[in-house]
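Inspection log for the structure reproduced underneath, given as structure tokens.
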Number of protein chains: 2
Amino acid sequence: MVHGQDRVRPSTRARVLEVIEALGYVPDSAAQSMVRQRKEVIGLLAVESRSPDTDVEQQGLLFIEEVLRGVEASLGEIEWSLLIALLRDDDPAGAYRRMQKISAKVDGLLIAEGIVSSEHLARVAARVPVVLVAGSPGEPHADVFGVDNRAGTRAAVGHLVERHGRTRLFEIAGPPAAPDARERRSALEEAVAAHPGATLTGSFQGWFAALSGQLAVREILARPQRERPDAIVCANDQMAIGAIRELQTAGVRVPADMAVVGFDDMHAGALLNPPLTTVRQPMRLLGERACARLLQRIAQPALPRHVERLPAELVIRESCGCGPGEAGAVRTA
Amino acid sequence: MVHGQDRVRPSTRARVLEVIEALGYVPDSAAQSMVRQRKEVIGLLAVESRSPDTDVEQQGLLFIEEVLRGVEASLGEIEWSLLIALLRDDDPAGAYRRMQKISAKVDGLLIAEGIVSSEHLARVAARVPVVLVAGSPGEPHADVFGVDNRAGTRAAVGHLVERHGRTRLFEIAGPPAAPDARERRSALEEAVAAHPGATLTGSFQGWFAALSGQLAVREILARPQRERPDAIVCANDQMAIGAIRELQTAGVRVPADMAVVGFDDMHAGALLNPPLTTVRQPMRLLGERACARLLQRIAQPALPRHVERLPAELVIRESCGCGPGEAGAVRTA
DNA sequence: ATCGCACATCTAAGCGTTTACATACCACTG
DNA sequence: CAGTGGTATGTAAACGCTTAGATGTGCGAT
């Protein structure tokens, strides 16, 4: 009676509802789930990196925070809930068990970044629909949403070379395990190749933590002056922040002596001195879209697989060499 | 057989387990919850502020992020899960409905900051155990964990006055609706009163967003030079960041002309120029402790009410006037 | 006065597990 | 050979809710 259009006198219904409210009664969701065959919960899985030198900030949430907001907002509207779990990357077996257990508590799963092996993913996807956020586009068992890493990287390189005449670029790459890092890396190589004057003078294999930015800079500063790059392209903002800090303590002026650009547009970047020029990912939108797709797939499991890249945006601040007046955002192709 | 010590031949058990694994079978949690009367899920409620001028960063998660990590880690160990919801502060009735619905999906609730009216809280607490994080210590229907705002504020003021000889303080307060903001405000007044030479030259009623810091500074700069304060004590880091930014664009040197201290120790503070001196809340610990207590109360609902303040720490960086070499953390009483 | 219809109320099955208990089996011992 | 104890297997109830369908009631029409 409470839910459906049971044929009861309106006055009766009102009275019942009133008593329900007075008693503070709320139907038990487990029982409802049983009969409805739907839990009205979706899960969000992120990594909590446990590598010894990973910044706290990098661990798990921060990256995913905006995504989470988008998801939560979408879910809130239909009164579903969000279950979140941070998987430790130092224990794949444990992570898999954890994921299995969680898959029993939700109607669908959102998984951030390629943190789950393809086989494990396949097994989980057999139980509940899965949508990957910033995952590998090749994953056959899930829908995938990501950002257009190539266009973003291209825009950053283009700006550095064409607008600021920087030609000796250096790359601080992300961990090869991350699909996004791989795409940014190859896009950078292509973009450099596309500009006749520009060269890639070196590359540092980082792991997305600020410390890797610092280490990379030390490596750069160990070179003789004339072999140094004039711009550093980082695979994320964390590393860019680490790099800038290390450059400044070494007395290298940013951006005068060395331009630095990041990727992600995390909040802290705008607070830096100089403010960080970076490629913005529309994280919140990513969350909303991925969530919408997941809900759709929960309703109709047979939907064809869907892969989508959302546009990135070059956010011009000052670490690239632009002045305060030139700040702005450029939509990439 | 799968869980309990059913007396089956070990070989049989092994074979069954193997098939289970092969099929990827995972028992449905809703059914398990029914019979066990336990969902193995706890909920975390945070506010998502919808006031028009609230910084994105301030909304909900960022503040609670470390707490969330602590909670998640504690929960992960016992294989429970975390349900999170961001309540919009512009719709109390909707928030209450949402909270009720969520209370049906969890075994207990962690609620951040006094975002829920006491009556609503009482009704929810009647259904599931509730622990408040950074909530009002007076709340009769829940355990409460918070930070020692008084000691933290006292330490900050003491440092400013005794170490740096600042005597003309200015307060940028948080919203009176937040219990933490109220405590910091009264503690500031007490601390100033406790230092004979020091006076509180003014106070701005902010709302925890960076913009309120900027507005406060404009108000200060509108005063004649000699009536200006020489130090600003902010009720959180966001506002301190806004204040510093506004001071710097107005050409006021920080900390030389004006010292600024914050509260919270959010990550971005360390990245600022000058790095922000602030009072650190042990957020992660707060999360762990609150979570531990909640689990305990779920096991034994009749436990007596518990209120606890965790110690704050004065994190000395440079915005107070200290040099880079003097950085460090001071445990407050 | 009786029938039938619309409308209100009551009943019971079933969702996927766990668990307590009953039943069946086997080998051993008296 | 029957009785017994230890094990293995099978059965059914219960968890809290929804919902379809059975049952019951009151009214107007015949």
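The values are calculated or read from the model by the stated rules, or taken from the named source; none is laboratory data. Keep in mind the model is a prediction, meaning the values are calculated, not measured. When we count neighbours, we look across all protein chains shown, and the Cβ atoms used for this are built from the backbone with ideal geometry, even at glycine. Remember, those area values only see protein heavy atoms, side chains included, never the ligands or the DNA or RNA. Shrake-Rupley method; radii C 1.70, N 1.55, O 1.52, S 1.80 Å.
Using the charge dipole of segment A:196-263 (Lys, Arg: +1 at Cβ; Asp, Glu: -1 at Cβ; taken about the Cα centre), state which of A:A250, A:G197, A:A216 has its Cα farthest towards the positive end. About the Cα centre, the residue reaching furthest to the positive side is A:A250.
Need one word for the protein assembly as shown: rounded, prolate or oblate. Basis is the Cα gyration tensor (sqrt eigenvalues a ≥ b ≥ c); a/c below 1.5 gives rounded, then a/b vs b/c decides. It comes out oblate by the Cα gyration axes. A 1.4 Å probe run over the protein chains yields, for chain A, 41 Å² of accessible area per residue, whole-number rounding. Ascending distances from the A:E77 label point to its copies in the other chains, with the point 7 Å along the Cα-to-beta-carbon line: 4.0 nm.
Accessible surface of segment A:265-333, 1.4 Å probe: 55 percent of it comes from carbon and sulfur atoms. Within the listed set B:F208, B:F63, B:F145, the residue fluctuating most in the Gaussian network model of chain B (springs between alpha-carbon atoms under 10 angstrom) is B:F63.
Between copies, the label points at A:E119 (set 7 angstrom from Cα along Cα-to-Cβ) are spaced 5.9 nm, reported in nanometres from shortest to longest.
Computing FRET efficiency as 1/(1 + (r/R0)^6) for A:A329 and B:A193, where r is the C-beta to C-beta distance and R0 is 60 Å, gives about 0.80. For A:E189, neighbours were defined as the other residues whose beta-carbon sits under 14 Å from its Cβ, and their charges (Lys and Arg +1, Asp and Glu -1) total +2.
Loop sites by DSSP among the trypsin sites (Lys or Arg not before Pro) of chain A, restricted to those with at most 15 other Cβ atoms within 10 angstrom, leave A:51-252 as the longest stretch without any of them.
Can you give the calculated 222 nm mean residue ellipticity of chain A, where each DSSP H run of n ≥ 4 adds -39,500 (n - 2.57) and the sum is split over every residue, rounded to the nearest 500 deg cm²/dmol? Mean residue ellipticity at 222 nm (helix-derived): -12500 deg cm²/dmol. Against chain A, whose longest principal axis comes from its Cα atoms, helix A:283-299 is set at around 40 degrees. Each other copy holds its own label point for B:G197; taking that point as 7 Å from Cα along Cα to Cβ, the gaps run 5.9 nm, nearest first. Using a cut-off of 11 Å between beta-carbons, work out the net charge of the residues near B:T153 (Lys and Arg +1, Asp and Glu -1, B:T153 not included). With Lys, Arg at +1 and Asp, Glu at -1, the net is -2.
Association of chains B and A removes close to 4800 square angstrom of accessible area from solvent, both sides included, for a probe radius of 1.4 Å.
For chain B, a simple Cβ point-charge model (Lys and Arg +1, Asp and Glu -1, everything else neutral) yields a dipole of about 680 debye relative to the Cα centre.
On the principal axes of its alpha carbon atoms, segment A:196-333 extends 61, 34, 32 Å, with the longest extent given first. The angle between the Cα long axis of helix B:149-158 and the longest principal axis of the Cα atoms of chain B comes to about 30 degrees, rounded to the nearest 10. Axis angle, to the nearest 10 degrees, between helix B:210-221 and the longest C-alpha principal axis of chain B: 10 degrees. With all pairs of different C-alpha atoms in the average, the Kirkwood value for the hydrodynamic radius of chain A is 21.7 Å. Working note: Debye formula, equal point scatterers on the alpha-carbon atoms of segment B:79-118, no solvent; log10 I(q)/I(0) at q = 0.25, 0.34 Å⁻¹ is -0.93, -1.44.
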